[in-house]
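Below is one structure, written out as structure tokens, with a few remarks after it.
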Amino acid sequence: MERINNFINGEWLEPVGGTYLDVFEPATGKVYCEAASSGKEDVDLAVQAAKIAFPEWAETSKESRSEILHAIADGIEAELDQLAEYESRDNGKPIWLAHSVDIPRAMTNFRVFADAVMEFKGDTFSSEEFGENTIHLNPLGVVGCISPWNLPLYLFSWKIAPAIVTGNCVIGKPSELTPYTANELGRICKQAGLPDGVLNIIHGEGKFAGAAITEHPDIKAISFTGGTETGKAISKTAAPSFKKLSLELGGKNPNIIFADCDFEKMMETTLRSSFSNQGQICLCGSRILIEKPLFNSFKDEFIQRTKQLEVGDPKRDDSQLSAVVSEAHFNKIMKYIGLAKKEGGTILAGGTPAEINGRCENGWFIQPTIIEGLGVDCRTNQEEIFGPVVSLIPFESEAEAIGMANATDYGLSASIWTDDSEKAQRVAGKIDAGVIWLNCWMVRDLRTPFGGMKQSGLGREGGVEALRFFTEAKNVCIK
Ligand code: NAD
């Protein structure tokens, strides 16, 4: 069986402990390869390599670093078809989705930061009284980038690109559920001329490999995307060594739909924001708040279109949804559907596993599910399910909608649907979320700040925010 090893100092090394984890294909439920199960010793080796590579990489001009990032992007682009197949096999998402979203975005991540770094420099302040002040933005050293399974290469590269382009050396850890394209990225980076030791990739479980990264005294910062509970654990571990932290965590995002919206555009987009990637995008809207006069017509149309969604083999172009990532996640989602019923909710569509014949008969597929009849305070409407499950909730007034939207511990994103632009801006101003879309969803200019409020995270990624995170300001004053 194929084995994925750690990528350390430009070489593929077996884990020191010699053990491996099974990697499953979610669409078939079968193990198709193994990935290194790493621990502290592996992380130590990676940090040693990164520390040796750092001085030269930090001194490399930003023009040269930017060129290497563009070469990495070229490498991803050249292998788009193959990488999309790998991503789909690892994660369960349709190949067409990985081909049109995940892999192109990974490529764009490298291009965007390759360009952004060219404009990135510290301010200067000069005055008679306080002299000439020049702010240098220096790389931190060795940094950790830990990413989840839902958008594997997309989110892994979203961290790695700004980290290396600012002159840091990286210890990256993809999710143990989806290690495959991260491993391919190591090869592509090497081919693109990234010096050995600048990017090191450690595979393994969060509680061993991930914790060893967060604990390591020579790692200066952790950029993490994943669940809120993991984010809390990482904060506790990292605090005593004063590591810089960027935490992108869970969400329970509201879609606020006013009766005066463009119905067709809203309906088409709400279907996508509910069920894209099997609802496994942190930005998916899982609480759909609908103004009462529109509630019944929204509900009827939404049910009808949801029932028409094709759930099937990720290899098929007509599969709109495919498998969820793992058996454990499948069970978690099904448990939440059971909880919704216990809490008094009515299942309007889905609510059951999807039976797929042939190659995928043992895969982990769930019908897109709509729930109605639950108040905002119940667990179904408070906890992150992270699957193809949404809840419909009616509201009477703008104030009530805002109250409901803000009534969770999360604050990642929201979308607001109305033809009244003043109302849209007014409501946006009152929603506790880091990312708000008016009459659209998932439109991302990568130069804008990205991140959540409350328990959805700490800090912002994207554009200059990411470049600042991976650098430290030093003011040099002369008078
Ligand atoms: P997770 O927290 O279980 O794992 C994320 C990563 O952290 C994995 O690589 C895992 O191995 C590692 N990890 C686990 N425990 C660790 C520990 N103690 N120390 C260090 N690393 C550890 O999350 P997941 O299940 O992979 O991903 C789903 C979650 O990610 C959802 O909550 C989703 O909302 C969130 N997410 C957030 C964003 C965002 O931008 N805010 C984007 C995507 C996903």
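Listed values, structure above:
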item	result
Some residue of the stretch 108-130 being in a helix (DSSP H, G or I), within 14 Å of the ligand (Cβ to nearest atom) and within 30 Å of His216 (Cα to Cα)	yes
Hits in the stretch 105-119 - residues which are crowded, with 18+ Cβ neighbours inside 10 Å and either in contact with a His (Cβ under 9 Å, 6 or more places away or on another chain) or not aliphatic (A, V, I, L, M) (or both)	Arg105, Thr108, Asn109, Phe110, Arg111, Phe113, Ala114
Some residue of the stretch 243-263 being more than 16 Å from the ligand (Cβ to nearest atom) and at positive phi	no
Failed condition for Ser241, given (1) closer than 25 Å to Arg65 by Cα; (2) modelled with pLDDT under 95	(1)
Extreme residue, surrounded by the fewest Cβ atoms within 10 Å (Cβ to Cβ), among residues of the stretch 375-390 that are under 21 Å from the mean Cα position of the chain (by Cα) and part of a loop (DSSP other than H, G, I, E, B)	Glu383
Output for the stretch 210-230, where each listed residue is of a type outside the set (A, V, I, L, M, F, W, C), near the ligand (Cβ under 7 Å from one of its atoms) and either buried (at least 22 other Cβ atoms within 10 Å of the Cβ) or in the same structural domain as Leu412 (by TED's automatic domain parsing) (or both)	Gly210, Thr214, Thr225, Gly226
Residues being within 16 Å of the ligand (Cβ to nearest atom) and either at pLDDT below 95 or in contact with a Gly (Cβ under 7 Å, 6 or more places away or on another chain) (or both) - total across the stretch 131-169	5
Flag for Ile371 being buried (at least 21 other Cβ atoms within 10 Å of the Cβ), under 15 Å from Glu383 (Cβ atoms) and of a type in the set (A, V, I, L, M, F, W, C)	yes
Residue match in the stretch 278-296 (condition: of a type in the set (S, T, N, Q), crowded, with 23+ Cβ neighbours inside 10 Å, outside any helix (DSSP H, G or I) and in contact (Cβ under 8 Å) with a residue 12 or more places away in the chain)	yes
Within the stretch 148-245, helices (runs of 4 or more DSSP H) holding 1 or more residues that are within 14 Å of the chain's Cα centre (by Cα) and over 30 Å from Asp81 (Cβ atoms)	228-238
Residue check for Asp409: of a type in the set (D, E, K, R), in contact (Cβ under 8 Å) with a residue 12 or more places away in the chain, in contact with a strand residue (DSSP E or B) (Cβ under 6 Å, 6 or more places away or on another chain) and closer than 27 Å to Pro152 by Cβ	yes
Hey, Ala192 more than 15 Å from the ligand (Cβ to nearest atom) and more than 20 Å from Leu45 (Cα to Cα) or not	yes
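The values are calculated or read from the model by the stated rules, or taken from the named source; none is laboratory data. Predicted model only: the values in this text are computed from it and were never measured. For neighbour counting, all protein chains shown are included, and Cβ atoms are generated from backbone atoms with ideal geometry for every residue, glycine included.
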